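Undergrad: Sharing a structure below in structure tokens format, with a few things to ask.
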Amino acid sequence: MFNFFKRRPKTDFEKKLSSPDGKLLLRVLLKSGHLSYSLTKEGKTVLKNSMLGFKLKGQKPLDSHLGIVRGSEKTFSETWETIWGEDRLIENSYNEFTIYLSETTGERRLMTVRFRVFNDGIGFRYELPPQPSFYRAEIEDELTEFNIDLNSYVWKIPAYQPDRYEYNYERVPVYELENSVHTPATFELKNGLFISLHEAALYNYGEMTLKLNQWKTVTSDITPLSDGIKARVELPFDTPWRVVMVGDHATDLVKNHIVLNLNDPPKGDFSWVKPLKFLGIWWAMYVGEWTWASGDRHGATTEHAFEYINYCKNLGIEGLLLEGWNGGWDGDWLKNGATTDFLKSSPDCDLKQVADYAAKNSVKLVGHHETVGFVDNYESQLENAYKFYSDLGINYIKSGYAGSMMTVQGKREFHHSQLGVLHYQKALELAAKYHICLDVHEPIKGTGIERTFPNLLSREGARGQEYEGGALTPTHACILPFTRLLAGGMDYTPGIFDIENTVKRLSSTLARQLAYFVTIPSGMVMAADRPRFYADVFPGAYKFIYDVPLNWETTIPLFGKIGEYYAVARRERGSDNWFIGGVTNENAHALRLDFSFLPVGNYRAEIYRDDETAHFRDNPLAIKIEQKEIKYADTFDIFMAPGGGFAIRLEKL
Ligand code: NOJ
């Protein structure tokens, strides 16, 4: 602790703080009572001077006449172990500077800002301590700037749109940003650096989107409640962390763990949480073979569930999703959410019988809750619905919040508003109480809270394969690792082998479907196609789905150019086997794999790759499956067809 000012706090102050490796330099500046910060990496500008503060309803803005009361510094370093995820061990090392501020006039409100500088970026948050005359705040705006060079490019999806996060990414110059965009928003700076702006530990607050403010500076735009207020909070209150990830290369972002590091360790014992690979009564509905609605073609019947459980057993897949077992799907199901009953089966599905048969065959069921965003109806049944599943031995749930807005407390709210955030959190914590793991569709974005609540095994929150059949291009999966996936794993529903299906034609080759199991991490992964395509049509390709794990010891991004191609290697947790996945966009691409990343030794490689004649448009099924001996430091050229990819399993000999 230093600089204890007993009298009138100084309104001018400067503090420089570097990362543990000395490469990043944060400057915190208090100038004439205004607080700002800037960031450089080895002399290159990351963010120019960026202002901080709040606009509060019924009060003066909290962004001027500020003086420093004191500052404190701390150095921290730990390595912590994940229960599941892309890396078993995560290093969390940073230098911290906290500035305690007081207004120098008027009510002398207090505000603290805590900064952490890691080797690969920064995090900071506002902390509002309790104060006699300031104990509650209605936040009209958070005035956090990220002063990025306007000539940089940003990969973005639009915010406040009917399909939430489910849009195709676009790359535009920052000065062309017109409307708010979601984070993680990833920027290619003119000086060659790659940065991604995001947030961590989002609780009880609106989600941060980004826009250009009146001075054309990238600034926070907190998602409003229906009355326009961004958040109503009681003091003491800490905002989520604002995060700036920094890399020399796009692939550096993939290994950035700041978002997880800025979250708390697990609250309670989560050793019961296990990642799950599962089949689904699902894609058959997308391709029109079955329906969610009742009738002759109803998908989630007792009979179909038994059939799929048998497939799980024969294919060696641990779990089965039963989507549409309860009512609510007849007619325009998007309008049924106010009355959905989460405990009542449709007449042709005897859930008890299905659960017993699943248990007998050691198959774990994944229950389904489609809320259509009617939070009020869902919350009124939530505990009973979780208890109901848990009593049946169902410990995984896929939940859904389809629809452009939510109904919360009788009002139409954004999913990512403060009230939405509170609901998702309530559901997650209650699920933990019943030892239930969640895979949330139409979620809010990930902010690393799965460190604290590891039962949050997956989320959707971007366009997944259900958008195939026209709305997805091969480029999309070459952007996700550098944008959406920086917020955590995604339920992308890989493994669709029936690529040429005329109802849902995929923009993919067969080999690429295997690559997704490695390129798109997730704690819950549905092998999404109908199981006959695994058992009978392409059993050779299926072997990779059987072999691929969901929990990783370590992850090494190998190649990446945003929107063009991506390849990553991961070592299975608890084994010496490695898996590599790669995808390309509409263009063919060859990569020279250099196996120097492997520990010294010999490996048997099982290679699943596009044939030279493959093409996602007219020859998607042309796959080559071959074996080869590989040893440490070998090199190997691998070809990816347009819209293609590859998957490799390396078994240590
Ligand atoms: C959208 C989800 O993403 C999808 O997986 C689900 O099948 C439908 N909603 C129906 O709940």
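Undergrad: Scan the strands (runs of 3 or more DSSP E) fully inside the range 31-97 and keep the ones with 2 or more residues being over 18 Å from residue 142 (Cβ atoms), open to solvent by 10 Å² or more (accessible area, probe 1.4 Å) and among the charged types (D, E, K, R).
TA: Qualifying strands (runs of 3 or more DSSP E): 44-51, 66-81.
Undergrad: Residue check, residue 9 against (1) at pLDDT below 95; (2) closer than 23 Å to residue 141 by Cβ, all met but one. Which one?
TA: For residue 9, the exception is condition (2).
Undergrad: Checking the condition open to solvent by less than 10 Å² (accessible area, probe 1.4 Å), outside any loop (DSSP other than H, G, I, E, B), touching a residue at least 24 places away in the same chain (Cβ under 8 Å) and of a type outside the set (A, V, I, L, M), which residue from 534, 492, 542 passes?
TA: Answer to the selection: 534.
Undergrad: Right, here's the next one. For the range 388-411, what are the residues that are out of contact with any strand residue (DSSP E or B) (no Cβ under 7 Å at 6 or more places or on another chain) and either within 13 Å of the ligand (Cβ to nearest atom) or not polar (S, T, N, Q) (or both)?
TA: Within the range 388-411, 388, 391, 392, 393, 401, 403, 404, 408, 410, 411 meet the criteria.
Undergrad: Which residue out of 608, 603 is buried (at least 18 other Cβ atoms within 10 Å of the Cβ), touching a Phe, Trp or Tyr at 6+ places or on another chain (Cβ under 8 Å), outside any loop (DSSP other than H, G, I, E, B) and without any contact (Cβ under 8 Å) to a residue 60 or more places away in the chain?
TA: 603
Undergrad: Taking the condition assigned to a loop (DSSP other than H, G, I, E, B), closer than 30 Å to residue 122 by Cβ, more than 14 Å from the ligand (Cβ to nearest atom) and out of contact with any His (no Cβ under 8 Å at 6 or more places or on another chain), does residue 267 pass?
TA: Against the criterion (assigned to a loop (DSSP other than H, G, I, E, B), closer than 30 Å to residue 122 by Cβ, more than 14 Å from the ligand (Cβ to nearest atom) and out of contact with any His (no Cβ under 8 Å at 6 or more places or on another chain)), residue 267 qualifies.
Undergrad: OK, next. Given the criterion over 31 Å from the mean Cα position of the chain (by Cα), farther than 26 Å from residue 544 by Cα, polar (S, T, N, Q) and open to solvent by less than 50 Å² (accessible area, probe 1.4 Å), identify the matching residue among 346, 294.
TA: 346
Each row is one residue, and each column tells you yes or no for (1) modelled with pLDDT of 95 or more; (2) among the aliphatic types (A, V, I, L, M); (3) outside any loop (DSSP other than H, G, I, E, B).
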residue: 550; (1), (2), (3): yes, yes, no
residue: 553; (1), (2), (3): yes, no, yes
residue: 557; (1), (2), (3): yes, no, yes
residue: 567; (1), (2), (3): yes, yes, yes
residue: 570; (1), (2), (3): yes, no, yes
residue: 575; (1), (2), (3): yes, no, no
residue: 579; (1), (2), (3): yes, no, yes
residue: 586; (1), (2), (3): yes, no, no
residue: 593; (1), (2), (3): yes, yes, yes
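Undergrad: Condition (residue is within 22 Å of residue 437 (Cα to Cα) and either open to solvent by 10 Å² or more (accessible area, probe 1.4 Å) or not in a strand (DSSP E or B) (or both)) applied to the range 404-413: is it met by at least one residue?
TA: no
Undergrad: Further question: Could you run through the range 422-448 and say how many residues are away from the ligand (no atom under 16 Å from the Cβ) and open to solvent by less than 10 Å² (accessible area, probe 1.4 Å)?
TA: 7
Undergrad: Quick check on the range 277-289. Is at least one of its residues touching a Gly at 6+ places or on another chain (Cβ under 7 Å), away from the ligand (no atom under 16 Å from the Cβ), at pLDDT 95 or above and not assigned by TED's automatic domain parsing to the domain that holds residue 504?
TA: yes
Undergrad: Consider the range 596-632. How many of its residues are of a type outside the set (S, T, N, Q) and farther than 19 Å from residue 507 by Cα?
TA: Looking only at that region, the number is 17.
Undergrad: Now a separate question. For residues that are in contact (Cβ under 8 Å) with a residue 24 or more places away in the chain and open to solvent by 50 Å² or more (accessible area, probe 1.4 Å), scanning just the range 304-314, find the one that is nearest to residue 330 (Cα to Cα).
TA: The selected residue is 306.
Undergrad: Is it true that some residue in the range 473-487 is in contact (Cβ under 8 Å) with a residue 40 or more places away in the chain, more than 26 Å from residue 405 (Cβ to Cβ) and within 16 Å of the ligand (Cβ to nearest atom)?
TA: Within the range 473-487 (the criterion being in contact (Cβ under 8 Å) with a residue 40 or more places away in the chain, more than 26 Å from residue 405 (Cβ to Cβ) and within 16 Å of the ligand (Cβ to nearest atom)), the answer is no, since none of the residues qualifies.
Undergrad: Take the residues of the range 326-335 that are on the phi < 0 side of the Ramachandran plot and surrounded by 19 or more Cβ atoms within 10 Å (Cβ to Cβ): which is nearest to the ligand (Cβ to nearest atom)?
TA: 329
Undergrad: Let me ask you something else. What is the number of the single condition among (1) farther than 18 Å from residue 397 by Cα; (2) away from the ligand (no atom under 16 Å from the Cβ); (3) of a type in the set (S, T, N, Q) that residue 345 does not meet?
TA: Unmet condition: (1).
Undergrad: Failed condition for residue 327, given (1) in contact with a helix residue (DSSP H, G or I) (Cβ under 7 Å, 6 or more places away or on another chain); (2) under 30 Å from residue 406 (Cα atoms), with all others met?
TA: Of the numbered conditions (1) in contact with a helix residue (DSSP H, G or I) (Cβ under 7 Å, 6 or more places away or on another chain); (2) under 30 Å from residue 406 (Cα atoms), the odd one out for residue 327 is (1).
Undergrad: Identify all residues within the range 626-650 that are open to solvent by less than 10 Å² (accessible area, probe 1.4 Å) and under 27 Å from the mean Cα position of the chain (by Cα); write none if there are none.
TA: Once the filter is applied, which keeps residues that are open to solvent by less than 10 Å² (accessible area, probe 1.4 Å) and under 27 Å from the mean Cα position of the chain (by Cα), the range 626-650 yields 640, 643, 644, 645, 646, 647, 648.
Undergrad: Here is a follow-up. Which residue, of 338, 355, 385, 359, is more than 12 Å from the ligand (Cβ to nearest atom), small (Gly, Ala, Ser) and more than 25 Å from residue 491 (Cα to Cα)?
TA: Residue meeting the stated conditions: 338.
Undergrad: Which numbered condition in (1) open to solvent by 60 Å² or more (accessible area, probe 1.4 Å); (2) touching a His at 6+ places or on another chain (Cβ under 9 Å); (3) not acidic (Asp, Glu) is the only one that residue 587 fails?
TA: (2)
Undergrad: Let me ask something else. Inspect the range 47-67 for any residue being within 30 Å of residue 453 (Cβ to Cβ), in the same structural domain as residue 233 (by TED's automatic domain parsing) and out of contact with any Leu (no Cβ under 8 Å at 6 or more places or on another chain) and give the result as yes or no.
TA: There is no residue in the range 47-67 that is within 30 Å of residue 453 (Cβ to Cβ), in the same structural domain as residue 233 (by TED's automatic domain parsing) and out of contact with any Leu (no Cβ under 8 Å at 6 or more places or on another chain).
Undergrad: Being outside the structural domain of residue 420 (by TED's automatic domain parsing), modelled with pLDDT under 95 and under 29 Å from residue 463 (Cα atoms) is true for just one of 199, 207, 188, 178. Which residue is that?
TA: Result of the check over 199, 207, 188, 178: 178.
Undergrad: Is it true that residue 140 is closer than 23 Å to residue 247 by Cβ and of a type in the set (Asp, Glu)?
TA: no
For every residue, the table says whether it meets (1) buried (at least 18 other Cβ atoms within 10 Å of the Cβ); (2) in a strand (DSSP E or B).
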| position | (1), (2) |
| --- | --- |
| 163 | no, no |
| 191 | no, no |
| 204 | no, no |
| 219 | yes, yes |
| 225 | yes, no |
| 229 | yes, no |
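Undergrad: Would it be correct to say that residue 466 is within 16 Å of the ligand (Cβ to nearest atom), open to solvent by 20 Å² or more (accessible area, probe 1.4 Å), assigned to a helix (DSSP H, G or I) and among the charged types (D, E, K, R)?
TA: Here the answer is yes, as residue 466 does meet what is asked.
Undergrad: Here is a further query. In the range 105-156, how many are touching a helix residue (DSSP H, G or I) at 6+ places or on another chain (Cβ under 9 Å), open to solvent by 30 Å² or more (accessible area, probe 1.4 Å) and among the aromatic types (Phe, Trp, Tyr)?
TA: 1
The values are calculated or read from the model by the stated rules, or taken from the named source; none is laboratory data. Bear in mind that the values here come from a model prediction, so they are computed numbers and not experimental data. When we count neighbours, we look across all protein chains shown, and the Cβ atoms used for this are built from the backbone with ideal geometry, even at glycine. When the accessible area is computed, the model is the full protein with side chains, heavy atoms only, and any ligands, DNA or RNA have been set aside. Shrake-Rupley method; radii C 1.70, N 1.55, O 1.52, S 1.80 Å.
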